[in-house]
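First the structure, in the form of structure tokens, and then the observations on it.
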Amino acid sequence: MLDIVAVLTDQNDYTKTRNYWKYLKAKLKKENNELVSATTQLKIIAPDGKKRLSDMLDHDGIIAPGKTFPSTKANRFIEWFTYSDETIDGKRK
């Protein structure tokens, strides 16, 4: 999820991206947004070799944050994710 937030906000700083996602997730949770309930945390191996919990989403969950960001970057991301042959979803077609 952090990768998607970084792309949509055009942010390269991990800490700022993580903080923004924490803020957005808390805000969405208060609004009873289904995106947060669809988020699953899985342990994955981080670059430092330790296993860390990371938020994971399905296809619809990945598209949803793109719709909340009113920008051309978000629109390009959704188009790329949905239609590109370079994505896992695109290769599934």
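The values are calculated or read from the model by the stated rules, or taken from the named source; none is laboratory data. On a predicted model such as this, the values are computed, not experimentally measured, just so you know. Positions of Cβ are generated from backbone atoms using ideal geometry, with glycine treated the same way; all protein chains shown enter the neighbour counts.
Quick one: how many residues across region 52-69 are assigned to a helix (DSSP H, G or I), touching a residue at least 60 places away in the same chain (Cβ under 8 Å) and within 18 Å of residue 18 (Cβ to Cβ)?
1
Just one of (1) on the phi < 0 side of the Ramachandran plot; (2) under 14 Å from the mean Cα position of the chain (by Cα); (3) modelled with pLDDT under 85 fails for residue 33. It is (2). Residue-level analysis places residue 49 outside the set of residues that are under 21 Å from residue 80 (Cβ atoms), of a type in the set (Gly, Ala, Ser) and either under 14 Å from the mean Cα position of the chain (by Cα) or not in a strand (DSSP E or B) (or both).
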